[in-house]
Amino acid sequence: MNDLLTGCLLLHGYAGRPFEMSFLAADLRSAGYAVDVPYLPGHDGDTEAFERSRFEDWLAGAERALSALRARCPRVFVAGFSMGGTLALALAQRHELAGVATIAAPVFLCRLFPYFSPDPLLFCSGLLRFCHPRPAASAPKPESRRIAPWQGYEGTHFVRPLHSFKIAAGRVRRGLGRVTAPILVLHGVRDRAVHPDNAWDILSRVSSARRELHLLSMRESLTSGHLLVTHEETRASVSALVLGFVGSLG
């Protein structure tokens, strides 16, 4: 794929910041690609705006960024981390893309059989959004942040936007058959925030002729194993795999 003709749209995760994609963005720019890493609506520091935002708003923001990048580059590759990966899959269901990469992306956040949930509140988010929309969240350990840096909203669960994400992830999952672009799926072997089964779900449901899956491991066990894009043990691998994938699409 010709670097001068290719734009890379990078989408950050739920409650996060473009910082999550900064390592990957720098490596793609160094390789000569045009790169855009937009703030998704509600994610620029205003907690009230974030609480009012919903998946539809984030998807509309991603659509605008895609349109702007397409005005500069005839071919666009989209990569997203966590919720950004869910958004990338939603875009791939609506638009013709040069390729798509999901990094620790969910198409389900929780399930009963077999049981998985990073937090039990996910099962009752439909009720909690009305009666207890801002429960407290535990703070991460400083050492965890050193190993896997992150910026965003923490200390509180914002249940209303989280519920919208949970419902939308299911819709994206049901629409995966409409994804035909070449796809790269990256996931952590021991991701405790987004179950690794999500990776298999994505890979088995898309209609893409080219599908590539890589499961990444890490030695430490302090973090959740989710922040592949900034984790000191995996961020270089993420960049190398995405660069190799984008470069092979020509």
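The values are calculated or read from the model by the stated rules, or taken from the named source; none is laboratory data. Computed from a predicted model, the values in this text were never measured in an experiment. Ideal geometry is used to build each Cβ from the backbone, glycine not excepted, and the neighbour counts take in all protein chains shown. Side chains are part of the model used for accessible areas, which takes the heavy atoms of the whole protein and leaves out ligands, DNA and RNA. Shrake-Rupley method; radii C 1.70, N 1.55, O 1.52, S 1.80 Å.
Taken as entire DSSP H runs, the helices of the chain that both span 15 Å or more between Cα atoms along their own long axis and average -0.5 or more on the Kyte-Doolittle scale are 55-72, 83-94, 159-174, 235-247. With protein chains left intact and a 1.4 Å probe, residues in segment 1-117 average 37 Å² of accessible area per residue. The portion of the accessible surface of the chain made up by carbon and sulfur, rounded to a whole percent, is 54 (1.4 Å probe; DNA, RNA and ligands excluded). Looking at the chain as a GNM with Cα springs under 10 Å, which of A98, A88, A31 has the largest mean-square fluctuation? Checking each option, the largest mean-square fluctuation is seen for A31.
One decimal place: the segment D119-Y39 gains 26.2 nm when fully extended, by the rule 0.36 nm per residue minus the C-alpha distance. Think of it as helices only: each DSSP H run of n ≥ 4 in the chain is worth -39500 (n - 2.57), and spread over all residues that comes to -11500 deg cm²/dmol at 222 nm.
The distance between label points at R171 and H214 comes to 3.2 nm (points 7 Å beyond Cα on the Cα→Cβ vector).
Among R173, R129, R219, the largest mean-square fluctuation in a Gaussian network model of the chain (Cα springs under 10 Å) belongs to R219.
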